[in-house]
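A quick write-up on the structure given underneath.
The values are calculated or read from the model by the stated rules, or taken from the named source; none is laboratory data. What you see is a predicted model; the values in this text were computed from it and never measured. Every residue, glycine among them, receives a Cβ derived from its backbone with ideal geometry; neighbour counts consider all protein chains shown.
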Amino acid sequence: MEHTAGRLTSSEPGLGLRPVGAIAGFLAPALIIYFAFTAYPVVRTIWNSFFQVFPNRPDEFVGWANYATLLFEDRFFHRAVGNTLVWALISPVVEIAIALLLALALYARVPGSRFFRLAWFTPVLMSYVVVGIIWTWIFNFDWGIANGMLRAVGLDHWAQAWLGHPDTALPSLIFVTTWMWAGFNMVVLLAAMHSLPSEVLEAAELDNCGWMAKLRYIVIPLVRPTILNLMVLSFVGKMRVFDLVWITTRGGPLWSTETVSTYVYKRAFNWNTFDLGYPCAIATIWFVVVLGGVLILTGLLRSRDKLEY
Amino acid sequence: MGNVKLDRLTKRYGDADAAAVDDVSLDIERGEFMVLLGPSGCGKSTTLRMIAGLEPITGGTLSIDGEVMNRVPARDRDIAMVFQSYALYPHMTVFDNLAFGLKRRGFAREEIDRRVTDAAGILGLAPYLARKPHALSGGQRQRVALGRAIVRDPKVFLFDEPLSNLDAALRVSMRNELVKLHQRLGTTMIYVTHDQVEAMSMGSRICIMQDGRVAQVGRPLDVYRHPANTFVASFLGSPQINLVESGVTPGEDGRSTLVVGGARIHAHCPPGHSRVIVGIRPEDFYLPGEAPDDAVGASLAARVLAVEALGAETVLLLDVEGVEKDVTARVGRSAHTAAGDLVELTVDTRAMRLFDAASGVALDPGSTTG
Amino acid sequence: MTTSIRFDLKHGFLVVALALYTAFAAGPFLWVASMSLRTTTEISAEPYALPDTLHFSKFAIAWTDGNYGTYFGNSVIVVLSAVAVLTVIGAMAAHCFARYRFPFRRFLYFLVFSTIIFPPQITIIALFQILVEYGLFNTRTGLVLAYVAFQLPITVYILESFFARIPSDLYDAARMDGYSEWEIFWRISLPVAMPALSTTVILNTILLWNEFLYAVVLITDDDKRTLPLGIQKYMGDQLIDIGMLATGLMIAIVPVVIVYVFFSEKLIQGMTAGAIK
Ligand SMILES: Nc1ncnc2c1ncn2[C@@H]1O[C@H](COP(=O)(O)OP(=O)(O)OP(=O)(O)O)[C@@H](O)[C@H]1O
Ligand SMILES: [Mg+2]
């Protein structure tokens with residue numbers, strides 16, 4: 001992050017030339033937006049979480065009551081946390097494993113790899129709203145292609161309303177996000193692999209190193225930093241997942257796809273409870289959990305690096 | 001117009017202990033071609049950038065034509081600068097690169113056109129005016145950078161190692177063109193380089209810097225012949241000057257006897273020194289029969305370690321008895337010597353310089369600075 | 001001989017696998033594209049057939065009767081304004097972080113940058129309150145401001161790393177040529193950074209075009225809805241009319257596809273900018 005740029009501005013007091021006005025002018029708009037619409041809302045959310053906030057009425061201080069309720073009593077919240085964690089822990093692994101396979105396939109320079117790359121990237125370009133609607137159709141019991149294919153191979157009894165059953169709804173949605181993000185992860189990994197020194201892989205080729213061994217001992221260790229980044233990105237993305245659930249299942253059936261985000265939304269804007277303090281407490285807790293998760297994730301993967309080298 | 005005066009100029013970066021530029025005083029007259037010369041990191045660029053207004057001044061005063069400039073922003077100093085990296089605007093054509101500074105100063109279109117065409121004519125850039133920098137060769141880019149300064153017709157030109165990215169042949173020809181340009185424009189130019197050949201061949205005066213301080217200022221040959229200290233002596237000249245430590249025996253007639261290797265040399269040496277450093281430039285050694293008639297010589301026996309016949313001259317690497325370091329001598333092209341030979345060299349003692357053994361400061365009365 | 005046959009077999013297998021995955025990745029869109037041109041009756045009869053007559057009129061109907069024209073217009077207005085504001089103020093901030101040294105520079109940069117990982121819930125409830133208090137709730141202006149704040153970190157991040165690579169001599173040369181810091185930003189930084197700017201413009205356009213959560217919280221009027229909201233409403237209203245819904249989806253997808261066709265590499269660059277290290 002250190003650049004040799006901006007030499008104009010060393011810090012002697014009282015000497016001209018440091019363009020204080022210019023610096024302030026350049027930063028001001030962004031910082032105003034940042035403080036007004038990011039920093040202040042964050043602080044206010046945390047503040048709110050200690051109050052009951054009803055419209056047209058002064059806020060009522062409740063101390064840690066919101067937190068006590070949601071930590072010890074709110075079973076819906078516990079369910080939402082469970083679902084979200086499952087999603088956020090499974091997805092990164094599955095997405096990146098598939099992405100690695102795909103990237104390796106294209107790394108071998110098959111004909112048309114440019115086309116494949118462009119095609120596989122498309123799902124991530126679509127709005128979750130569009131994706132959600134398409135996949136409710138694909139999972140439709142009567143005419144969805146998922147069941148259509150099962151019936152075609154004679155597995156009729158497996159056919160079911162995938163998003164309509166508590167046991168299959170969450171896995172189905174995880175499947176959808178995997179479909180969406182595998183191509184994205186693949187593109188990033190492929191870029192990382194192409195930036196590796198090609199002699200390394202060629203040397204392995206000559207050593208008659210097996211495919212799996214090559215993957216395990218050469219490719220993965222070398223693209224580890226990229227994998228770490230992708231894991232964090234995927235984790236953070238799944239910890240906040242909202243649109244897809246809202247469009248497809250609204251958290252149902254029977255809370256089986258409720259996520260923290262949908263639950264916050266329901267408590268704040270959808271149920272007629274009107275209290276904004278309680279959802280703020282949820283958001284605050286979740287904020288802390290996400291930050292902690294990112295720190296742990298980066299810490300874990302970093303310390304493994306240290307052990308190995 | 002164009003008198004630049006540095007009075008005890010000092011620059012300290014951030015909270016660094018050592019000053020990058022330390023108490024530099026320099027009076028550059030209008031129309032002068034002043035070269036700042038010194039090894040890497042000695043503060044040449046920093047000095048230049050303070051003059052330009054790109055770097056705030058920590059201490060001292062900078063004045064141009066008698067006006068104090070310390071707090072005047074770069075754009076109001078009427079100075080143009082040519083950068084080592086050329087710093088051409090990559091998104092503009094050559095024409096626009098040249099015109100950019102003029103546009104800001106509100107010149108009329110015809111005037112801009114005229115100046116750009118003139119400068120392009122002088123620099124041979126006319127065919128390339130519509131090109132972008134990436135489509136130019138290194139030499140052409142260099143000319144554009146130069147042109148950008150010329151069109152401005154500033155009070156002072158600053159150059160920061162402008163030729164160091166060119167190949168050797170181009171460097172020599174650009175050197176000559178710059179000298180011609182200076183004669184033609186007559187504008188004050190301040191030129192930073194670490195190449196002593198550039199400094200000697202271009203400068204009307206040279207300012208040699210060491211560790212942020214001025215070591216010596218003077219006309220090229222004065223500085224070369226009368227270096228103020230051993231640093232200057234060894235920085236100028238290639239091959240380097242020979243510096244040999246020697247004992248001093250005071251004599252009666254104000255002349256002392258120096259012992260260099262096996263030889264005893266009589267020379268003027270201010271009293272109070274028992275040891276001095278003797279500086280002898282390689283070209284002040286002569287093989288037998290080569291010495292000019294008026295040379296005041298002492299002779300020195302040496303064994304030849306290596307011979308570099310360069311065509312126009314021959315460089316000998318010599319082992320002189322009683323002298324630890326190898327001695328270099330530059331002799332005529334017809335020298336018939338081979339490694340292992342024993343030779344008897346004549347030293348022109350008038351060209352010899354004496355320095356204080358402890359401080360390295362010149363002792364001989366001839367060494368005037370300024 | 002044997003090795004080459006084995007190689008071909010392996011190769012053939014690989015190509016089939018790749019083709020299958022391609023069908024899996026892109027198939028759903030082709031399916032929607034085909035449905036968008038067929039009537040609901042046709043779809044009910046045979047969901048996976050190709051259209052036999054192309055009912056382009058469905059787009060006209062969706063545009064007017066389905067109110068998609070309004071939604072589309074709202075999306076265009078909101079996204080373009082947000083992207084314009086983002087590009088200018090993001091570039092200004094990035095230029096400042098990259099080109100000047102000043103107290104708290106690293107701290108401020110870290111502050112802005114770290115919000116990339118914040119879950120939106122941590123701001124959205126209070127943002128709702130704030131916009132209500134300032135009369136910006138349920139306005140496109142309010143949504144634009146929320147979007148600018150939301151995309152600011154990634155924009156600054158991408159641009160800062162680009163500005164930092166511009167040689168500082170270029171800026172010094174412009175200073176010697178007489179330009180002020182502000183003019184230098186507009187006449188040197190921005191033009192030189194065109195490649196990075198276009199990356200962020202395209203990235204922000206796509207992400208905001210698809211955005212749903214902020215829109216659903218901050219907009220309630222039907223005539224201010226953006227496309228994702230419009231589609232959601234349409235889905236709620238007419239769950240049965242699959243044909244028309246598919247047409248609506250297509251209206252949302254087509255601009256993205258057009259951008260992707262022309263700027264695929266730029267778009268991929270932008271989308272993956274945060275992940276590549
Ligand atoms: N922006 C800066 N911040 C801190 N120290 C600096 C900065 N720029 C230069 N210095 C230091 O100041 C001293 C002088 O640097 P300067 O660039 O003036 O040297 P120079 O004589 O031009 O060398 P060169 O021939 O390598 O260009 C060096 O020790 C350098 O490390
Ligand atoms: Mg320098």
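Tell me, please, whether a residue that is surrounded by 17 or more Cβ atoms within 10 Å (Cβ to Cβ), at the interface with chain C (Cβ under 9 Å from one of its Cβ atoms) and more than 16 Å from ligand 2 (Cβ to nearest atom) can be found in segment B:115-122. No, the conditions are met nowhere in segment B:115-122. Are any of the residues in segment C:222-230 under 29 Å from C:PRO153 (Cα atoms) and away from every other protein chain (no Cβ under 11 Å)? Yes: one or more hits. Restricted to segment B:21-98, the set of strands (runs of 3 or more DSSP E) holding at least 3 residues that are within 13 Å of ligand 1 (Cβ to nearest atom) comprises B:21-28, B:33-37. When restricted to residues that are touching a residue at least 40 places away in the same chain (Cβ under 8 Å), within 13 Å of chain A (Cβ to nearest Cβ) and over 30 Å from A:THR259 (Cβ atoms), segment C:177-218 contains 3. Residues in segment B:7-20 that are within 15 Å of ligand 1 (Cβ to nearest atom), touching a residue at least 12 places away in the same chain (Cβ under 8 Å) and either under 16 Å from B:TYR191 (Cβ atoms) or surrounded by fewer than 14 Cβ atoms within 10 Å (Cβ to Cβ) (or both): B:ALA18 only. The set of residues in segment B:129-171 being more than 16 Å from ligand 2 (Cβ to nearest atom), under 22 Å from the mean Cα position of the chain (by Cα) and modelled with pLDDT under 90 consists of B:LEU166, B:ASP167, B:ALA168, B:ALA169, B:LEU170, B:ARG171. Quick check, is C:PHE150 in contact (Cβ under 8 Å) with a residue 60 or more places away in the chain and within 21 Å of B:LYS132 (Cα to Cα)? For C:PHE150, the condition - in contact (Cβ under 8 Å) with a residue 60 or more places away in the chain and within 21 Å of B:LYS132 (Cα to Cα) - is not met. A:THR273 passes every criterion in (1) outside any helix (DSSP H, G or I); (2) crowded, with 16+ Cβ neighbours inside 10 Å apart from (2). Taken over segment B:197-218, the criterion of being charged (D, E, K, R) and surrounded by fewer than 19 Cβ atoms within 10 Å (Cβ to Cβ) is satisfied by B:ASP211, B:ARG213.
In the condition set (1) away from ligand 1 (no atom under 16 Å from the Cβ); (2) away from every other protein chain (no Cβ under 14 Å), B:ALA149 is compliant with all but (2). Contact map, segment B:40-55: first residue away from ligand 2 (no atom under 12 Å from the Cβ), second residue in a loop (DSSP other than H, G, I, E, B) and among the β-branched types (Val, Ile, Thr), Cβ cut-off under 7 Å, separation 6 or more or different chains; pairs are B:MET50/B:ILE57; B:GLY53/B:VAL72. Checking segment C:58-74 against the condition returns a match, with at least one residue being touching a residue at least 40 places away in the same chain (Cβ under 8 Å), among the basic types (Lys, Arg), away from every other protein chain (no Cβ under 12 Å) and assigned to a helix (DSSP H, G or I).
Every listed requirement among (1) outside any helix (DSSP H, G or I); (2) within 9 Å of chain A (Cβ to nearest Cβ) is met by C:LEU127 save one, (1). Of the residues that make up segment B:79-93, is at least one more than 28 Å from B:GLY138 (Cβ to Cβ), surrounded by 17 or more Cβ atoms within 10 Å (Cβ to Cβ) and touching a helix residue (DSSP H, G or I) at 6+ places or on another chain (Cβ under 9 Å)? So far as segment B:79-93 goes, no, none of its residues is more than 28 Å from B:GLY138 (Cβ to Cβ), surrounded by 17 or more Cβ atoms within 10 Å (Cβ to Cβ) and touching a helix residue (DSSP H, G or I) at 6+ places or on another chain (Cβ under 9 Å). Against the test of being of a type outside the set (D, E, K, R), over 28 Å from B:THR349 (Cβ atoms), surrounded by 15 or more Cβ atoms within 10 Å (Cβ to Cβ) and within 16 Å of ligand 1 (Cβ to nearest atom), the options B:HIS194, B:HIS182 yield a single qualifying residue, B:HIS194. In this structure, C:ILE117 does not satisfy being among the β-branched types (Val, Ile, Thr), facing chain A (nearest Cβ under 8 Å) and in contact (Cβ under 8 Å) with a residue 24 or more places away in the chain.
Evaluated against (1) of a type outside the set (Ser, Thr, Tyr); (2) within 10 Å of chain C (Cβ to nearest Cβ); (3) out of contact with any strand residue (DSSP E or B) (no Cβ under 9 Å at 6 or more places or on another chain), A:GLY277 falls short on exactly one condition, (3).
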